[in-house]
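Peer 1: The structure's right below; bear with me while I get my questions together.
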Amino acid sequence: MGEHRPHSRGRANVRADDNRRRIAVEAARLISELGLRDYHQAKLRAAERLGIHDERALPRNTEIEDALREYQRLFGGQARIDHLDALRRCAVEAMRFFHTFQPRLVGAVLEGTADEHSAVCLHLFSDDPDALSHFLIDQNIPFEQIDRVLRWERDEPESFAAYRFQADDIPVDLTLLPLDALRQAPLDRIDGKPMRRANVTGVQQLLGESASDS
């Protein structure tokens, strides 16, 4: 009987890999079509829809991100590319508007995985915790304020003020961080590495690359 155990383990591994791939693809569809932003919630919901109850089959966030890129490539078409460009143009305008806060673009609009549910997400920087709210009020911009929890390396999670508003029907999400956060980005929720960030010149370069590709 022992001779068959390696083969059984091999088949189990293949089945687990197949289930991980199926869950990742379904989670990518849910994220793209329903606007889910919590990858853990998306993978649990996908596993439930597929009737897969083995926690070992749950894919990593990076696997879901890869599946999301593939899903968008297959089904997004030119309309998705045009929408991404529109979000990046909005990001450039917002970064110019908030230039005194040394803005950086983060998230799906920068990574190229944005969809119709995505917001333009910016990190802004000031050691005055009230500076951004006062600026928004002075500019007569109605906004919603929330708390956002971020983490750096081995540090404990910290809560920061974030602000949401609409700019020509595009949601804009601002997180205010202290100036020393310019030196090192907080950890990305997807892969646990420091977030990729871009200044306005970097975003303009992305728009130029998109125009040349088309």
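The values are calculated or read from the model by the stated rules, or taken from the named source; none is laboratory data. Quick caveat: nothing in here was measured; it's all calculated off a predicted structure. Virtual Cβ from ideal backbone geometry, glycine too; neighbours counted across all protein chains shown.
Peer 1: Scan the range 153-164 for residues that are within 17 Å of the chain's Cα centre (by Cα) and among the aromatic types (Phe, Trp, Tyr) and jot them down.
Peer 2: Residue satisfying the conditions is TYR163 alone.
Peer 1: Right, next: Among the listed residues ARG49, ARG15, ARG9, identify the single one that is outside the structural domain of ALA108 (by TED's automatic domain parsing), modelled with pLDDT of 90 or more and either aliphatic (A, V, I, L, M) or more than 13 Å from ALA67 (Cβ to Cβ) (or both).
Peer 2: Among ARG49, ARG15, ARG9, only ARG49 is outside the structural domain of ALA108 (by TED's automatic domain parsing), modelled with pLDDT of 90 or more and either aliphatic (A, V, I, L, M) or more than 13 Å from ALA67 (Cβ to Cβ) (or both).
Peer 1: Would you please name the residue that is surrounded by the most Cβ atoms within 10 Å (Cβ to Cβ), looking only at residues in the range 51-96 that are not in a helix (DSSP H, G or I) and not acidic (Asp, Glu)? Before the answer, list the steps.
Peer 2: Quick first cut of the range 51-96, residues not in a helix (DSSP H, G or I) only: 51-54, 58-60, 76.
Subset that is not acidic (Asp, Glu): 51-53, 58-60, 76.
Values: GLY51: 6, ILE52: 18, HIS53: 8, LEU58: 20, PRO59: 25, ARG60: 14, GLY76: 18.
The residue in question is PRO59.
Peer 1: Applying the selection to the range 28-47, what residues are of a type in the set (D, E, K, R) and closer than 10 Å to ASP115 by Cβ?
Peer 2: GLU33
Peer 1: For the range 33-46, which positions are of a type in the set (A, V, I, L, M, F, W, C) and modelled with pLDDT under 90?
Peer 2: Residues satisfying the conditions are LEU34, LEU36.
Listed here are the residues, each with its yes/no results for (1) of a type outside the set (S, T, N, Q); (2) farther than 13 Å from VAL120 by Cβ; (3) assigned to a strand (DSSP E or B).
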residue	(1), (2), (3)
ASP155	yes, yes, no
SER159	no, yes, yes
PHE165	yes, no, yes
ASP173	yes, no, yes
ASP180	yes, yes, no
GLN184	no, yes, no
ASP191	yes, yes, no
VAL203	yes, no, no
GLU209	yes, yes, no
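Peer 1: If a residue must be more than 25 Å from the chain's Cα centre (by Cα) and in a helix (DSSP H, G or I), how many such residues does the range 121-133 contain? Walk me through how you get there before you give the answer.
Peer 2: Keep residues of the range 121-133 that are more than 25 Å from the chain's Cα centre (by Cα), which gives 127-128, 130-131.
Filter again for in a helix (DSSP H, G or I), leaving 131.
Residues that pass the stated criteria total 1.
Peer 1: So, one more: Report yes if some residue within the range 89-103 is within 12 Å of the chain's Cα centre (by Cα), touching a residue at least 12 places away in the same chain (Cβ under 8 Å) and on the phi > 0 side of the Ramachandran plot; otherwise report no.
Peer 2: no
Peer 1: Scan ILE146, ILE141, ILE137 and give me the residue that is surrounded by fewer than 19 Cβ atoms within 10 Å (Cβ to Cβ), in a loop (DSSP other than H, G, I, E, B) and β-branched (Val, Ile, Thr).
Peer 2: ILE141 is the lone residue from the list that is surrounded by fewer than 19 Cβ atoms within 10 Å (Cβ to Cβ), in a loop (DSSP other than H, G, I, E, B) and β-branched (Val, Ile, Thr).
Peer 1: So if I check each of LEU179, LEU187, LEU136, LEU150, which one is more than 19 Å from the chain's Cα centre (by Cα), farther than 19 Å from ALA91 by Cα and not polar (S, T, N, Q)? Outline the logic, then answer.
Peer 2: Values: LEU187 fails: more than 19 Å from the chain's Cα centre (by Cα); LEU136 fails: farther than 19 Å from ALA91 by Cα; LEU150 fails: more than 19 Å from the chain's Cα centre (by Cα).
Being more than 19 Å from the chain's Cα centre (by Cα), farther than 19 Å from ALA91 by Cα and not polar (S, T, N, Q) holds for just one of LEU179, LEU187, LEU136, LEU150, which is LEU179.
Peer 1: Restricting the first residue to the range 185-198 and requiring it to be not assigned by TED's automatic domain parsing to the domain that holds ASP66, which pairs with a second residue that is modelled with pLDDT of 95 or more and β-branched (Val, Ile, Thr) meet a Cβ separation below 6 Å and a spacing of at least six or different chains?
Peer 2: If the second residue must be modelled with pLDDT of 95 or more and β-branched (Val, Ile, Thr), the pairs left are MET195/VAL106; ARG197/VAL106.
Peer 1: Looking only at the range 97-118, which residues are buried (at least 16 other Cβ atoms within 10 Å of the Cβ), not hydrophobic (A, V, I, L, M, F, W, C) and not in a loop (DSSP other than H, G, I, E, B)?
Peer 2: Those that are buried (at least 16 other Cβ atoms within 10 Å of the Cβ), not hydrophobic (A, V, I, L, M, F, W, C) and not in a loop (DSSP other than H, G, I, E, B): ARG104, GLU111.
Peer 1: Looking at this structure, is PRO157 modelled with pLDDT of 95 or more and either outside the structural domain of ASN61 (by TED's automatic domain parsing) or within 30 Å of ASP82 (Cβ to Cβ) (or both)? Quick ask: steps written out before the conclusion?
Peer 2: Details: modelled with pLDDT of 95 or more: no; either outside the structural domain of ASN61 (by TED's automatic domain parsing) or within 30 Å of ASP82 (Cβ to Cβ) (or both): yes.
The answer is no for PRO157.
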